[in-house]
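See structure below.
The values are calculated or read from the model by the stated rules, or taken from the named source; none is laboratory data. Note that this is a predicted model, so its numbers are computed, not measured. Please note: Cβ atoms are built from the backbone with ideal geometry, for glycine as well, and neighbour counts cover all protein chains shown. Ligands, DNA and RNA are stripped out before the accessible areas are found, and what is left, the full protein with its side chains, is counted by its heavy atoms. Shrake-Rupley method; radii C 1.70, N 1.55, O 1.52, S 1.80 Å.
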Amino acid sequence: MANETAIYEEKMAKTIGALEAEFNTIRAGRANPHVLDRITVEYYGTPTPINQVGNITVPEARLIQIQPWDTSVLKDIEKAINASDLGINPSNDGKVIRLMFPELTEERRKELTKDVKKKAESSKVAIRNIRRDAIDAFKKMEKAKEITEDELKALEDKVQKITDKFVAEIDEKTESKCKDILSV
């Protein structure tokens, strides 16, 4: 009976992983190299993630430095950053690209926390949808006489406990990210 719920627990864990990846791309007050994760550069005709064409460092709290291994790709990196939704103008000195993150305004911080909460809520909906799918599958199993009514109840309870655990984890991560964004 444990392996019936394992599939759904794994799906819920993947939802949490996706949410964490989304949270990493939302910038707080300081520079985080993960904001570049979704940006790709045309490198010899192939879209390539920025972290695969150069070295990314954070020398200061609000500065990201990208040093490409091949300087011919500097202009392409600059173009990719400008085309992204990052909202930061890269400065290029011929060897490295620097991204200076401005101090976030109070208004922008509040917008970002709303965004974080919205993403968290949609993750909770995804978790609940997985729970619904699990319960539907268990009811079908009971209807087909593969499991008893008592086993159905036990499985429903187990899936509910797993759901509660993941929803609590989402709340925890959301609160932590919001605190991170709002701290100056």
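Before moving on, here are some points about what is shown:
- Qualifying residue in the stretch 159-170 (condition: farther than 18 Å from residue 9 by Cβ, in a helix (DSSP H, G or I) and of a type in the set (Asp, Glu)): no
- Residue in the stretch 98-106 that is touching a Lys or Arg at 6+ places or on another chain (Cβ under 7 Å) and closer than 17 Å to residue 16 by Cβ present: no
- Residue identified as under 19 Å from the mean Cα position of the chain (by Cα), part of a helix (DSSP H, G or I), more than 23 Å from residue 13 (Cβ to Cβ) and not acidic (Asp, Glu) among 119, 179, 140: 179
- Filter result for residue 167 (within 22 Å of residue 18 (Cβ to Cβ), open to solvent by less than 30 Å² (accessible area, probe 1.4 Å) and modelled with pLDDT under 95): no
- Residues satisfying the stated conditions in the stretch 19-73, i.e. under 19 Å from residue 119 (Cα atoms), open to solvent by 40 Å² or more (accessible area, probe 1.4 Å) and touching a strand residue (DSSP E or B) at 6+ places or on another chain (Cβ under 9 Å): 37, 38
- Test: residue in the stretch 113-132 that is in contact (Cβ under 8 Å) with a residue 60 or more places away in the chain, over 30 Å from residue 160 (Cα atoms) and surrounded by 11 or more Cβ atoms within 10 Å (Cβ to Cβ): no
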